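The structure appears below as structure tokens.
The values are calculated or read from the model by the stated rules, or taken from the named source; none is laboratory data. All figures in this text were calculated on a predicted structure; none of them were measured in a lab. All Cβ positions, glycine included, derive from the backbone under ideal geometry; neighbour counts span all protein chains shown. For accessibility, only protein heavy atoms count, side chains too; no ligands or nucleic acids. Shrake-Rupley method; radii C 1.70, N 1.55, O 1.52, S 1.80 Å.
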Amino acid sequence: MTTDTARAAVTETSVHDLRQSMRGPVITPDDEGYDEARSAWNAMVDKRPALIAQPLDAADVATVIAFGRRKGLELGVKCGGHSVVGQAIPDGGLQIDLSRINSVRVDPEKRLARVGGGALLRNLDQASLEHGLATTAGNVSHTGVGGLTLGGGMGWLGRQFGLACDNVVAYEIVTADGEIRPASETQNPDLYWGLRGGGGNFGVVTEFTFRLHPITNRALSVDFFYAEEAGPAVLRAFREMAASAPPEANPTAWAGNAPASPSLPAELHGTPLVNAGFVWIGDPEEGRKLIPALREIATPVAEVVEESSYLELQASADEAMKPGLRRYWKGHYLRELSDAAIDAFLGRGGPVGDGELRAKGSLLAYGGAIGRVGIGDTAFSHRDAMFEFITSEGWEDAEEDQARLAAPRRFAAAMEPFASGVYVNVLADEASGGVQSAYYAATLERLTSLKDRYDPDNVFHLNHNIPPTR
């Protein structure tokens, strides 16, 4: 349906009828708050829905889905809006904005949190930590719980407790037929399997029930920076640390031009550097025992060692990842970090010519509890991944778009020969080939069968889509 056709279908009468049939507000392009509601995290996304509905509960969601299907409107589902390509915002369609379904109710005795489908990670972290509890959540606190968890959900607690999706014991979902369904090990277990990693393909999740774990609320972040020529030794040491580090440690590595950060001496800003370090969740003194090994690799040009609360850690990337910048990223999973992969990583996409940018990239170690879940136990496929590679850019000036897009593409292409797949939550513009890389063939076949059952008309296709058979 074109934008003009969609707007013709959204008459004053039909909007009135929708408003009368649901509890939450309905926003048109002429209403105050429309631009804020349609805004995306990535400033490159500028889409204009014909209508934005903000349901208050699952019944409202069912009403909105039914309305959209009657009117032939394309449906998009928005939580935090962090999709790099703005999938949550249907241009000329009906946006289901879950931001008002954001409650978090914690049962400290059962160690469970019931979390609304529109909650942000900060809502979950803050509510659970009041009781000395937490569960795996991503590393930017203004990310939506829904999108992160449905794709798998990696975070600093992942090596200790598994992915976010591994810690969901129950879902409440509204499927394309308007039915409100529970999904757990005992209720609709096929759907429960698919929601743990299969993305937003099967409906609108209005509530997650998470398993919580006791934590100390203490964290240690360690970053050692080295001259670029020390890169091979640094990455080999990072590889060894990832293989032997306890689950409280999250080994990290990075290669790029040093940012203008107050944590780094001014004379290093803009200089090509290599970094290795880790994030430790637990007693910082235990984590500090890993630091001497970093000093033995080579002489660091800078050291950044910071203690914080876990809650502070969870918000520490918020400013760098704030909305309003133009964004792009690419990623891969790697089962191993061979010497050839190290050379490709340090090459950062190869030599650059005039007007080209040299990309930056990072590596994060997986393993631990993530790998202890069977590959077929959830829809999340890549349990055997040992490293996640990401290269990303954030910028303000639209005139830089071509160079800023090209740099991560070159870097990702250089790393692709070593890749075992990709994290569905970092897919950008890879289209169907990206989805095929995100899931093993047997998993994708099973997900397609679920799509045939719960969304045979592909109502929910503004996602990293798994199309139905027909």
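Figures for the structure shown
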| read-out | value |
| --- | --- |
| Residue list for region 139-160, restricted to those being farther than 22 Å from GLY421 by Cβ and in a helix (DSSP H, G or I) | VAL145, GLY146, GLN160 |
| Tabulated pairs, region 237-249, first closer than 19 Å to LEU313 by Cβ, second open to solvent by 60 Å² or more (accessible area, probe 1.4 Å) and in a helix (DSSP H, G or I), C-beta under 9 angstrom, 6+ apart or interchain | PRO246/GLU286; GLU248/GLU286 |
| Lone unmet requirement of (1) over 16 Å from the mean Cα position of the chain (by Cα); (2) more than 26 Å from HIS464 (Cα to Cα) for GLY376 | (2) |
| Search result, residues across region 46-74 that are among the hydrophobic types (A, V, I, L, M, F, W, C), crowded, with 23+ Cβ neighbours inside 10 Å and within 24 Å of THR149 (Cβ to Cβ) | ILE52, ALA53, VAL61, VAL64, ILE65 |
| 2 or more residues open to solvent by less than 50 Å² (accessible area, probe 1.4 Å), among the aromatic types (Phe, Trp, Tyr) and modelled with pLDDT of 95 or more: qualifying strands (runs of 3 or more DSSP E) within region 233-326 | 272-281 |
| Verdict on GLY353 being open to solvent by 10 Å² or more (accessible area, probe 1.4 Å), modelled with pLDDT of 95 or more and more than 30 Å from SER39 (Cβ to Cβ) | no |
| Which listed residue, of ASP30, ASP35, ASP17, is part of a loop (DSSP other than H, G, I, E, B) and exposed (fewer than 14 other Cβ atoms within 10 Å of the Cβ) | ASP30 |
| Residues that are in contact (Cβ under 8 Å) with a residue 24 or more places away in the chain, charged (D, E, K, R) and surrounded by fewer than 22 Cβ atoms within 10 Å (Cβ to Cβ), drawn from region 425-470 | ASP429, ARG446, ARG453, ASP455, ASP457 |
| Complete set of residues in region 92-110 that are β-branched (Val, Ile, Thr) and in a strand (DSSP E or B) | ILE96, VAL104, VAL106 |
| Wholly enclosed helices (runs of 4 or more DSSP H) of region 396-470 bearing at least 1 residues under 19 Å from the mean Cα position of the chain (by Cα) | 401-415, 431-438 |
| Meets criteria (within 28 Å of GLY394 (Cβ to Cβ) and modelled with pLDDT under 95) for GLY81 | yes |
| Check on LEU346, out of contact with any Lys or Arg (no Cβ under 8 Å at 6 or more places or on another chain), in a helix (DSSP H, G or I), at pLDDT 95 or above and surrounded by 15 or more Cβ atoms within 10 Å (Cβ to Cβ) | yes |
| Region 111-129 - residue that is farther than 27 Å from LYS71 by Cα and either in a loop (DSSP other than H, G, I, E, B) or among the charged types (D, E, K, R) (or both) and, of those, farthest from the chain's Cα centre (by Cα) | ARG111 |
| Boolean, VAL77 is in a strand (DSSP E or B), open to solvent by 10 Å² or more (accessible area, probe 1.4 Å) and touching a residue at least 12 places away in the same chain (Cβ under 8 Å) | yes |
| Any hit, region 359-372, residues being among the aliphatic types (A, V, I, L, M), out of contact with any strand residue (DSSP E or B) (no Cβ under 8 Å at 6 or more places or on another chain), open to solvent by 30 Å² or more (accessible area, probe 1.4 Å) and in contact (Cβ under 8 Å) with a residue 40 or more places away in the chain | no |
| Single condition THR209 does not satisfy, out of (1) among the polar types (S, T, N, Q); (2) farther than 16 Å from GLU306 by Cα; (3) without any contact (Cβ under 8 Å) to a residue 60 or more places away in the chain | (3) |
| Criterion: at pLDDT 95 or above, surrounded by fewer than 24 Cβ atoms within 10 Å (Cβ to Cβ) and in contact with a Ser or Thr (Cβ under 9 Å, 6 or more places away or on another chain) - qualifying residue of ARG114, ARG105 | ARG114 |
| Residues of region 391-402 satisfying the condition of being out of contact with any Leu (no Cβ under 8 Å at 6 or more places or on another chain) and crowded, with 16+ Cβ neighbours inside 10 Å | THR391, SER392 |
| Among the candidates ALA43, ALA88, residue that is touching a strand residue (DSSP E or B) at 6+ places or on another chain (Cβ under 6 Å), surrounded by fewer than 23 Cβ atoms within 10 Å (Cβ to Cβ) and part of a loop (DSSP other than H, G, I, E, B) | ALA43 |
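Residue-wise test of (1) over 16 Å from the mean Cα position of the chain (by Cα); (2) touching a residue at least 24 places away in the same chain (Cβ under 8 Å).
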{"residue": "GLN95", "(1), (2)": "yes, yes"}
{"residue": "ILE101", "(1), (2)": "yes, yes"}
{"residue": "GLU109", "(1), (2)": "yes, no"}
{"residue": "THR136", "(1), (2)": "no, yes"}
